[in-house]
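Encoded as structure tokens, the structure appears first; notes follow it.
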Amino acid sequence: MTNRVQHLTIPTVALRDRALAGLDHGDSYALWRDAFPVLDEIQVGHGRNQPPLVDHLTVGAWNLERGACWEAAAERVLAENLDVLLASEMDCGMSRSAQSHTTQALANALGWHWVYGIEFIELGTGSPWEQNQPEADATNDCGLHGNAILSRYPLDAIRLIRFENGDGEWWHRRWNEPRLGGRMALIASIHSAYGPVQLVSTHLESNSHPMHRASQMSELLDAIDPSIATVVGGDLNTNTLDVQAVSDIFRTRQLLQQADPTRFLQPEPYEPLFTVLANAGYRKGTANTNEATQRPRERGYPKPPFGRIDWLFVRGCLAANPRTVPALDHQGATISDHELIATEILLR
């Protein structure tokens, strides 16, 4: 049972430390699941009310890589005249993002309504690179990481879908970022003059394989009301690889790029989730460009070849004028390792 809350139930540092010690000793995720009620909570925040939609809106999807650069992200969202942002990888109380609740900070800067759900309880302070930053704190205030929907318009019919087998075995120390939880999606609706519009923000598993991502997408589509105009967006991690089956991901990507130069920009033949979506009536052609959505940051990661791993899909409405927007602030510094993607949604 998912609870809508104004304030999240923050897990203590001591509880997080005990969970990490238990997982290191071989405990299962299920053993610790009920100790973290925040995994069953959706935080809801309210912005300035807006008049009803007329016949269109502009929707963006953006993996904001922790959301630490939320001020620059707010400027970009306003510059692109978005009405809705489907956001992923948003921190709350993490050392690597100055202990900020990055969704709330971004929504407050925009004056928007928002919902936030937890994907992972972070049991460490981040990746090795993040841990080694001179400004990093030794602990996280909250240790939360998740997905969000931000909107000019009020949100209702809010739900959280947590995928079965969605954890990607992130608690293993070999992934250098121990976590408890799993991939998930947030669903909410806004009202227009033509009826409700269903918005879905999701983040599929990177630490897995294409068939696993397809099963997550099938699970998500089973939970969506098929009678309502719908926009699905987010980081679908369509990297075309079984990451756990290769020892050198970067070298493998280079070899696969040589064999098929279109593989990472046009991953459809290698990722069955596209067939799952098409069979359910979702269309992507006029909602996406053919450009890569991965962006190298100043630290030199990610590395080429770059692909399109972020997508928007629509059903029961039309998409037009898609764009892939560089994740750069006004001084040319990177905001995220993912570009912002956006499209206009026509509701007639």
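The values are calculated or read from the model by the stated rules, or taken from the named source; none is laboratory data. These figures come from a predicted structure and were not determined experimentally. Note that each Cβ is placed from the backbone with ideal geometry, even for glycine, and that neighbours are counted across all protein chains shown. Remember, those area values only see protein heavy atoms, side chains included, never the ligands or the DNA or RNA. Shrake-Rupley method; radii C 1.70, N 1.55, O 1.52, S 1.80 Å.
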Exercise. Evaluate the stretch 259-280: report whether one residue or more is buried (at least 21 other Cβ atoms within 10 Å of the Cβ) and within 17 Å of the chain's Cα centre (by Cα).
Key: yes
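Take LEU8 and decide whether it is touching a helix residue (DSSP H, G or I) at 6+ places or on another chain (Cβ under 6 Å) and either closer than 28 Å to ASN237 by Cβ or in a helix (DSSP H, G or I) (or both). Full working, then the answer.
Numbers: touching a helix residue (DSSP H, G or I) at 6+ places or on another chain (Cβ under 6 Å): yes; either closer than 28 Å to ASN237 by Cβ or in a helix (DSSP H, G or I) (or both): yes.
Taking the combined requirement at face value, the residue satisfies it.
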Self-check item: Filtered residues of the stretch 75-104 (kept if surrounded by 21 or more Cβ atoms within 10 Å (Cβ to Cβ), assigned to a helix (DSSP H, G or I) and small (Gly, Ala, Ser))
Solution: SER95, SER97
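Considering only the stretch 129-154, how many residues are part of a loop (DSSP other than H, G, I, E, B) and either under 16 Å from the mean Cα position of the chain (by Cα) or surrounded by fewer than 24 Cβ atoms within 10 Å (Cβ to Cβ) (or both)?
Quick first cut of the stretch 129-154, residues part of a loop (DSSP other than H, G, I, E, B) only: 132-143, 152-154.
Then keep just the ones that are either under 16 Å from the mean Cα position of the chain (by Cα) or surrounded by fewer than 24 Cβ atoms within 10 Å (Cβ to Cβ) (or both); that gives 132-139, 141-142, 152-154.
Within the stretch 129-154, residues that are part of a loop (DSSP other than H, G, I, E, B) and either under 16 Å from the mean Cα position of the chain (by Cα) or surrounded by fewer than 24 Cβ atoms within 10 Å (Cβ to Cβ) (or both) number 13.
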Self-check item: Sole residue being small (Gly, Ala, Ser), on the phi > 0 side of the Ramachandran plot and either at pLDDT 95 or above or touching a His at 6+ places or on another chain (Cβ under 8 Å) (or both), chosen from GLY307, GLY316
Solution: GLY316
Quiz item: For the stretch 209-238, which residues satisfy the criterion of being over 15 Å from VAL276 (Cβ atoms) and surrounded by fewer than 24 Cβ atoms within 10 Å (Cβ to Cβ)?
Solution: ASP225, SER227, ILE228, ALA229
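Collect the residues in the stretch 34-46 that are assigned to a helix (DSSP H, G or I) and either touching a strand residue (DSSP E or B) at 6+ places or on another chain (Cβ under 6 Å) or surrounded by 17 or more Cβ atoms within 10 Å (Cβ to Cβ) (or both), keeping them in residue-number order. Write out each step before concluding.
Taking the stretch 34-46 and keeping what is assigned to a helix (DSSP H, G or I), we get 37-40.
If the condition is that a residue be assigned to a helix (DSSP H, G or I) and either touching a strand residue (DSSP E or B) at 6+ places or on another chain (Cβ under 6 Å) or surrounded by 17 or more Cβ atoms within 10 Å (Cβ to Cβ) (or both), then VAL38, LEU39, ASP40 are the ones that fit.
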Quiz item: Take the residues of the stretch 177-233 that are closer than 24 Å to PHE36 by Cα and of a type in the set (Lys, Arg): which is nearest to the chain's Cα centre (by Cα)?
Solution: ARG183
Quiz item: Under 7 Å by Cβ, and 6 or more places apart or on different chains, what pairs join a residue from the stretch 128-146 that is closer than 14 Å to ARG66 by Cβ and modelled with pLDDT under 95 with one that is part of a loop (DSSP other than H, G, I, E, B) and among the small types (Gly, Ala, Ser)?
Solution: GLU130/ALA136
Quiz item: Is the stretch 243-254 home to any residue that is open to solvent by less than 40 Å² (accessible area, probe 1.4 Å), in a loop (DSSP other than H, G, I, E, B) and basic (Lys, Arg)?
Solution: no
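Got a number for residues in the stretch 228-252 being of a type in the set (Lys, Arg) and under 21 Å from SER189 (Cβ atoms)? Step through it out loud before you land on a result.
In the first step, residues of the stretch 228-252 are kept if they are of a type in the set (Lys, Arg); the result is 251.
Narrowing further to those that are under 21 Å from SER189 (Cβ atoms): none.
Here the count works out to 0.
Go through the stretch 23-74 and give me each residue that's touching a Pro at 6+ places or on another chain (Cβ under 9 Å) and either hydrophobic (A, V, I, L, M, F, W, C) or within 30 Å of ALA333 (Cβ to Cβ) (or both). Steps first, please.
Residues of the stretch 23-74 that are touching a Pro at 6+ places or on another chain (Cβ under 9 Å), as a first pass: 23-24, 35-38, 46-47, 49-50.
Hits for the stretch 23-74 are LEU23, ALA35, PHE36, VAL38, GLY47.
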Quiz item: Which members of the stretch 328-340 meet the condition of being under 21 Å from PRO267 (Cβ atoms), out of contact with any Leu (no Cβ under 6 Å at 6 or more places or on another chain) and crowded, with 21+ Cβ neighbours inside 10 Å?
Solution: HIS338, GLU339, LEU340
Quiz item: Among ALA30, ALA21, ALA68, ALA72, which is open to solvent by 40 Å² or more (accessible area, probe 1.4 Å), over 18 Å from TYR153 (Cα atoms), modelled with pLDDT of 95 or more and not basic (Lys, Arg)?
Solution: ALA68
Quiz item: touching an Asp or Glu at 6+ places or on another chain (Cβ under 9 Å), over 20 Å from ALA61 (Cα atoms) and in a helix (DSSP H, G or I) - does that describe any residue in the stretch 198-210?
Solution: yes
